[in-house]
Amino acid sequence: MNSWFYVDGLDVLGHGARGAVVTLGDSITDSYGSTEGANHRRPDFLTDRLRYQTPRGRLGVLNAGISGNRILFDNQPGYSFGPNAVSRTDRDVPARSGTRTVVLFEGINDIQQRQHQDDPNRIIAGMRRIVRKAHGAGTRVGGGTITPFEGWSSYTPKPAATRQAVNEWIRTGDAFDAVVDFDAAMRDPSDRNLGETGVPTTSWYPPRAGTLPRKITISPLRTTYTTRGVEMTSRNFESL
């Protein structure tokens, strides 16, 4: 078995880290299918990058990825994909020790799994709820664009259009403190079908993670929100 059935969490006492970043996501974050025992999960490579930052930018990484997880829907009958991301945000983000930032990277399973969610506005509404929960606890939020999925049996132009609509909102909306453009990093640059080609495989994690400093764009946004009754403005997204 490749799942963490019995470990709820692990607190590590160390020197130098000023907090933690939570990677809230599905199987791409959980890194299902990566090489066993090699620590080749996507958050592992993020940990390696942050370990060598200056003290001001040094953070621990908490992997809150659950394979099959979705923004809106809970488990399917016969599958344990965990509670939906909206309902588990309080447990997996502000309740974790030292959390300063969360990177939300979910949505593809809402679109491509049964029951399918073809309405981008419902997915967007779920993401907004997650952001409000995190901001209410004083946590910054980065929004990860949804990666391509052409090649999956569930692929059709309709869910592809839903993905594009959600990504457009992530990039141009006012909810997130920053945008982490996983879609731009993953898609095939030669694909003219709105960049739908580029599905993660077991070999994706090490080579792609190694190119993240060049491939992924983290775009700072200016977001004003209220936390504990105080209006706050996030002018940048320093060190995640």
Roll a 1.4 Å probe over the protein chains and send me the accessible area per residue for the range 78-127 in Å². 42 Å²
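In what order, largest first, do L10, L59 sit by accessible area if the probe radius is 1.4 Å?
Numbers: L10 140, L59 10 Å².
These residues rank, largest area first, as L10, L59.
Given R₀ = 22 Å, what would the calculated FRET efficiency be for S87 paired with E168, taking r from the Cβ atoms and rounding to 0.05?
About 0.25, to the nearest 0.05.
If you put +1 on each Lys and Arg Cβ and -1 on each Asp and Glu Cβ, how big is the dipole of the range 1-134 around its Cα centre, in Debye rounded to 20? The partial results should precede the final answer.
Details: 18 positive and 14 negative charges, 133 e Å.
It works out to roughly 640 debye.
I need to check one value: relative contact order of the range 1-124, counting alpha carbon pairs closer than 8 Å and at least 6 residues apart, in percent. Before the final figure, lay out each step's value.
On the way: 191 pairs, mean separation 37.7, N = 124.
30 percent.
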With the alpha-carbon atoms as the only input, what is the per residue convex hull volume for the range 13-70 in Å³? 84 Å³
Over the range 100-193, what is the relative contact order in percent, taking alpha-carbon pairs closer than 8 angstrom and at least six residues apart? 36 percent
Virtual spin-label span in nm between R122 and T156, 7 Å along Cα→Cβ: 1.5 nm
So what's the gap between the Cα centers of the range 81-155 and the range 1-66, to the nearest angstrom? 17 Å
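The values are calculated or read from the model by the stated rules, or taken from the named source; none is laboratory data. This structure is a prediction, so every number in the text was calculated from the model and none was measured. Cβ coordinates were reconstructed from backbone atoms using ideal geometry, including for glycine residues, and neighbour counts include every protein chain displayed. Only protein heavy atoms, including side chains, enter the accessible area calculation; ligands, DNA and RNA are left aside. Shrake-Rupley method; radii C 1.70, N 1.55, O 1.52, S 1.80 Å.
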